[in-house]
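Each reported figure results from applying straightforward, stated rules to the coordinates on display, with no laboratory input. Just so it is clear, the structure is predicted and the values come from calculations on it, not from any experiment. With ideal geometry, Cβ positions are generated from the backbone for all residues, glycine too; neighbour counts draw on all protein chains shown.
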Amino acid sequence: MIKTRVYNNPKALNLEILKGITNKVTLGFKCSPELKLKLADGASDKGLTLSNYTEMLLLDFDEIITEKVFELELLNNKINFYESNELKALFNNHRGKTVKYKNSNNEIVNQKINCIEDVYIVIINSFK
């Protein structure tokens, strides 16, 4: 079954004609000068024309977005792990205080707790 799309674009004329064309067609869009310069620089770096480079980006768009979403999920998982409720509670209970601990060299170290990373420093460096 062929899916029919309805295009709500009065300037698009008859997009059904495009289904039978095998040659490339022109697609135009407005963008900021900064974006055009960025695209032109990217094209130049890859040895491509601006048109070919932009087409390549659009063809790879779904893959790029999927990659970025995956990276974002990984980062969110790391944040959730490293900023667990237990760690936040330790930080909130010791915020602004100086904590003494023995480091791996058995030396007593004073660490002021100003941010959540300071709690990590105490935890990690207190292991022998």
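Kirkwood hydrodynamic radius of the stretch 85-125, from the reciprocal of the average inverse Cα-Cα distance over all distinct pairs: 10.2 Å. For a straight C-alpha distance cut-off of 20 angstrom, the lysines reachable from residue 36 (same-chain residues fewer than eight places away being disregarded) are 46. Computed over the alpha carbons of the chain, Rg followed by Dmax gives 27.6, 78 Å. Estimated from the Cβ-Cβ distance and a Förster radius of 35 angstrom, the FRET efficiency linking residue 17 and residue 57 is about 0.85. With the highest mean first, a sort of the peptides 17-27, 110-120, 56-66 on other beta-carbon atoms found within 10 angstrom per residue produces 110-120, 56-66, 17-27. So what is the 222 nm mean residue ellipticity for the chain from helices alone, if each DSSP H run of at least 4 adds -39500 (n - 2.57) and you divide by all residues, rounding to the nearest 500 deg cm²/dmol? The helix contribution divided over the chain gives -16500 deg cm²/dmol.
With contacts taken as Cα pairs under 8 Å at a separation of at least 6 residues, the stretch 85-125 carries a relative contact order of 39 percent. Of all aspartates and glutamates in the structure, those lying under 13 Å Cα to Cα from residue 24, and not within fewer than 8 positions of it along the same chain, are 55.
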